[in-house]
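Encoded as structure tokens, the structure appears first; notes follow it.
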């Protein structure tokens, strides 16, 4: 089972036979002063770890001359632990030949040695490159790769917290290549805060969000779109492909019907004015506005890869929602709807059903009167005019409630009730 990526969920205790590998490794969920993550604990000295790992790599690499063991011993004799660590890292790719049951424990010993590294950041980069190489070559079970990356992520010393970016980038790459989206999903909400805590620059966060968006798109269009949206929010003062992709996906998506949060983004505003105008029409325009725009901007469909048929349908749904919002006495005739949507009156009921399914309106159709009674409608934009209407409705409700309270406060003796015997109004006195 892949260990959790969140720091509050450390990897489980792992022990393995000394016959397979002499060192006993486990992760302790323990806090230390000036340390934000979990710590790795190996029941042996640094020298023993280096020696045993070198021997293991020599054996698995079928190196009869024991070159790694010999060189590491020389480095240790010269008290040069860093050179020994670098040599082991340079040969760590040999673990692709390790049996699955030994891969994670052996790799974890290498992670433990990182605590002694004076080149921690470059060592992490090397490890991530090695793991990514395993993933691309399909030489190691991807769940094992995610397990060691999780351990690495959870054991980062506070002073090297910036290395979270390369580790998370590798995790996303490995998980997406192996279609292990289900293992990645629980951690997606925390990615942004983890990078912010690590002090990652906005440009790097933006690039990471684009990577995540592209990686998870085959598995979840909705979550992919949200990461792309966050990336565009972090865009610099330039026009980029991410903003174009965001607009294209938003317009083509049948699930996205509100655009005020997209059209207001600075990166989107820097796009061609023709596409910005279209977004404005999607925010508050009607079908007639769209058809007028289309006649003047036919080239936008190819440039932004827009689905013309889907866009026409969406505009009809949005126009129907606007008609329902503006309907006097909350009632629309079929003729009014047919005119606004530029369709035959016989198709009105089918379109009303589609608008209701889209969640834009609620109401009741009447075939007898050929009308649609609006119970609820969604405002596509909420500006000054909508606030005025809301204020008027609230004023009416307030007046009605005050009238009801006045009636309820009157004594029961002041009311007249019809007499059952005479059928005429008669005053009935009731004692308090």
For this session: Quickly rank 191-198, 299-306 as a protection proxy: mean count of other C-beta atoms within 10 Å, highest first.
Result: 191-198, 299-306
Exercise. Could you put 253, 264 in order, starting from the residue whose Cβ has the fewest other Cβ atoms within 10 Å?
Worked result: 264, 253
Exercise. So how far apart, in nm, are the two label points at residue 357 and residue 274 if each is 7 Å from Cα heading toward Cβ?
Worked result: 3.3
Exercise. Using a ≥ b ≥ c from the Cα gyration tensor of region 325-377 (square roots of the eigenvalues), is it rounded, prolate or oblate, where a/c under 1.5 gives rounded and otherwise the larger of a/b and b/c decides, a/b for prolate?
Worked result: rounded
For this session: Just rank 397, 293, fewest to most, by other beta-carbon atoms within 10 angstrom.
Result: 397, 293
For this session: Give me 404, 202, 315, 365 ranked fewest to most by other Cβ atoms within 10 Å of their Cβ, as a rough exposure proxy.
Result: 404, 202, 365, 315
For this session: Post the alpha-carbon centroid distance, region 278-308 to region 127-147, in whole angstrom.
Result: 46
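Read-outs throughout are calculated quantities, based only on the coordinates presented, and are distinct from any laboratory measurement. Treat the numbers as computed from the prediction; the structure is a model and nothing was measured. Don't worry about glycine lacking a Cβ; one is built from the backbone with ideal geometry, like all the others, and counts go over all protein chains shown.
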